[in-house]
Amino acid sequence: MHRSGMISIWFFVGTLLLIYGILILGAGLYGLSHPPAVVLAELHAGIWWGLLLILLGTLYSVRFSPWRGR
Amino acid sequence: MPLLPAILIQSASRLVSLSGVDMAIIALYFVAVLSIGFYLKRYTKTGEDFFLAGREMTAWIAGLSFLAANLGSLEMMGWAAAAYQYGILATHWYWIGAIPAMLFLGLVMMPFYYISKTHSVPGYLKLRFGESSRVLAAVCFGLMTVLMSGINMYSMALVLKVVLGWDIHFSIWVSSLTVGLYVFLGGLLSAIFNEVLQFVLIWFGALLISIIGLIETGGWNGMVARIAHNFPGPSYTHLWSTLGSFGDNPMGIHWIGIVFGLGWVISFGYWTTDFLVVQRVLAAKDLRAAKMAPIIGAGFKMMVPFIVILPGLLGLAVLPEHLVGADQASATGSHSYNEVLPIMLARYCGPGLLGLGITALMAGFMSGMAGNVSAFATVWTYDIYRPFFRKEAPDAHYVSVGRWCTLLGVLVSIGTAYFVMQFHSIMDYVQALFSFFVAPLFGTVLLGMLWRRTTPAGGFWGLLSGTCSAIGLWAWVKINPAALQYVALSPKAKDMAENMYRALWSWIVCVIVTVVVSYMTRPKPVEELTGLVYGYTKLPSESGVPVYQRPIFWACVVGVVFVILNIIFW
């Protein structure tokens with residue numbers, strides 16, 4: 001998209017991934033003391049997946065931020 | 001949060017339970033898609049903005065949207081279920097049943113759609129063959145689109161009821177009105193933005209099932225060994241080696257049906273002429289982006305089996321109970337094939353991840369529905385309303401009509417959902433009806449683009465006769481099941497095989513009738529074929545573009561990976 005002033009779709013994607021990452025990481029950390037009743041809970045997938053979402057979400061939010069370069 | 005009270009109206013029986021964080025993730029998703037719709041309304045002023053997203057999309061955005069419009073939740077759940085039922089053969093619908101056609105669209109057909117500046121596929125038929133072909137295509141497409149949308153909506157609501165225990169009316173109304181509102185506000189621009197978001201969520205929501213599943217089975221070989229142990233008999237893990245005979249594979253199909261019925265007619269018909277997906281590519285900013293978009297989509301389409309088919313195969317390997325057909329499941333109270341994806345989600349995903357997975361399913365549903373309603377609004381406005389109701393009107397009038405058509409499409413879809421609820425068997429008929437039209441339309445468009453001798457009469461009568469022959473073959477087998485041995489060339493053929501061969505015959509009838517009628521009638525003058533037909537369309541030269549930026553280069557890369565994958569899983 002080249003339209004002047006329009007926020008990039010990737011900023012929306014990054015922001016949502018970042019928020020999701022924080023929520024999932026929080027739930028994953030809570031699962032350390034209260035393990036969920038799922039197969040291979042010992043892998044703590046929520047923590048790793050949450051961190052991945054936070055990383056990608058931050059990258060995209062910053063890279064495509066509407067305030068960047070202003 | 002307006003969602004929460006209604007979500008809490010849950011029935012007693014459900015497959016999984018959501019925690020607070022799961023519901024927060026789902027609620028945030030609804031907030032995000034609606035916010036995008038409200039934000040983009042200010043950028044949707046003209047008809048070009050509303051119906052074709054201003055023709056400003058990059059190849060990546062158009063390509064991801066192109067794929068997301070196809071990647072509905074029923075597509076995900078349905079093919080995961082098919083993988084549990086038929087094994088890796090279901091992958092054919094993602095590979096040979098998609099990749100060659102998507103590359104063909106990008107390299108061969110897109111230039112004609114794009115250069116003709118048509119708003120829709122029926123619009124191309126008008127330019128090439130005249131009004132009668134356009135009306136036939138537009139009416140069939142518009143009708144089938146809203147019916148399919150309603151059926152998908154009902155199916156999704158049913159899934160949410162089974163999996164989460166949500167009230168079926170709540171699921172239908174909230175999901176549909178959300179889609180209707182954001183498409184109403186921002187048109188195709190809003191639909192495309194949300195489809196890209198939904199595409200990302202689908203991947204992050206579903207990929208974890210495959211990763212943890214492979215860890216549990218000890219990798220691919222471990223999974224294959226477990227499946228062979230759990231289900232001795234026909235192989236569930238070979239793509240081609242069991243297709244030599246109808247009786248050697250769980251799908252009851254022969255390689256000829258897969259290659260020519262699925263890989264040629266059905267696949268090419270859907271990916272190159274179904275306006276639901278083609279509309280996304282028409283929104284590209286230039287011809288090179290329009291050619292690259294389906295190629296990018298093809299690259300991602302090849303990877304989709306890893307989040308859709310693999311969970312079904314993992315279900316065969318690790319689930320302690322054997323899933324059964326829907327009828328048997330409702331009679332015995334056990335779980336059906338259709339539930340394999342949510343079952344696997346519940347098996348591996350704890351709080352938070354479960355919410356993301358359910359969001360992925362809902363995102364799939366909404367991206368598919370947004371595709372339907374935005375395509376419906378465009379075809380209705382440009383191909384039915386403008387030529388027959390109000391030919392000359394200000395652009396703003398057509399935008400307004402498009403907006404209200406969006407809501408009309410959603411309401412008709414909701415009506416269809418309730419109709420299907422009362423008459424469940426109608427579902428099979430409407431899905432069959434949709435398939436009747438796709439194969440002959442591909443014959444008509446292909447001849448129109450590549451053979452200058454095709455005449456308007458040839459195009460119309462070919463399309464009509466192909467559609468009628470598909471309906472006739474379907475009715476023949478319904479009335480006399482023994483006719484299957486003639487339609488599908490074997491009495492052992494199953495439903496899938498019948499669909500493949502019916503499509504093939506109807507395409508052949510369409511092509512023969514088009515050719516014969518064209519030779520009997522007068523062709524259009526050459527000057528009227530400019531920009532519409534191969535040989536009379538000046539295509540921009542790519543000689544100054546570096547090789548790695550050319551669509552043909554990336555199409556070759558995707559093609560090579562496609563061949564390698566087929567050999568690996570032979």
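With semi-axes defined as the square roots of five times the eigenvalues of the C-alpha gyration tensor, the equivalent ellipsoid of chain B measures 36, 29, 23 Å, largest first.
Here, chain A is characterised by an Rg to Rh ratio of 1.19, where Rg is the alpha-carbon radius of gyration and Rh the Kirkwood radius. Near B:Ser336, the amide H atoms lying under 5 Å from its own belong to B:Val324; only residues 5 or more places off or on other chains count, and H is placed 1.01 Å from N.
Centroid-to-centroid, using Cα positions, the range B:517-570 and the range B:303-357 are 40 Å apart.
Note on the protein assembly as shown: with charges restricted to the Cβ of Lys and Arg (+1) and Asp and Glu (-1), its dipole about the Cα centre is near 1560 debye. A viscosity of 1.567 mPa s and a temperature of 4 °C, combined with the Kirkwood radius over Cα pairs in Stokes-Einstein, give a translational diffusion coefficient for the protein assembly as shown of 51 µm²/s. The 3J(HN,Hα) values that the Karplus relation (6.51, -1.76, 1.60; θ = phi - 60°) gives for the range B:116-124 are, in residue order, 5, 6, 6, 8, 7, 5, x, x, 5 Hz. Gly and Pro appear as x. Solvent-accessible area assigned to carbon and sulfur over the protein assembly as shown amounts to 68 percent, based on a 1.4 Å probe. Under the criterion of Cα pairs below 8 Å and six or more residues apart, the relative contact order for chain B equals 28 percent. Karplus-based coupling profile of the range B:295-302, in residue order and whole Hz: 6, 4, x, 5, x, 6, 4, 4, with θ = phi - 60° in 6.51 cos²θ - 1.76 cosθ + 1.60 and x standing for Gly or Pro. Would you list, by chain and number, the lysines whose Cα falls below 22 Å from the Cα of B:Lys126, excluding same-chain residues fewer than 8 positions away? Answer for B:Lys126, where 22 Å is the Cα cut-off: B:Lys117, B:Lys391, B:Lys524, B:Lys538, listed by chain and number. Excluding same-chain neighbours fewer than eight residues apart, the lysines reachable from B:Lys492 by a Cα-Cα span under 26 Å are B:Lys478.
Phi-derived couplings, Karplus 6.51 cos²θ - 1.76 cosθ + 1.60 at θ = phi - 60°, listed residue by residue for the range B:305-318: x, 6, 10, 10, 6, 4, x, x, 5, 5, x, 4, 7, 10 Hz, with x used for Gly and Pro. Mean residue ellipticity, 222 nm, helices only, the protein assembly as shown: the sum of -39500 (n - 2.57) across DSSP H runs of n ≥ 4, divided by residue count and rounded to 500, is -22500 deg cm²/dmol.
The values are calculated or read from the model by the stated rules, or taken from the named source; none is laboratory data. Keep in mind it's a predicted model, so treat the numbers as computed, not measured. Neighbour counts are summed over all protein chains in view; Cβ atoms, including those assigned to glycine, are modelled from backbone coordinates with ideal geometry. When the accessible area is computed, the model is the full protein with side chains, heavy atoms only, and any ligands, DNA or RNA have been set aside. Shrake-Rupley method; radii C 1.70, N 1.55, O 1.52, S 1.80 Å.
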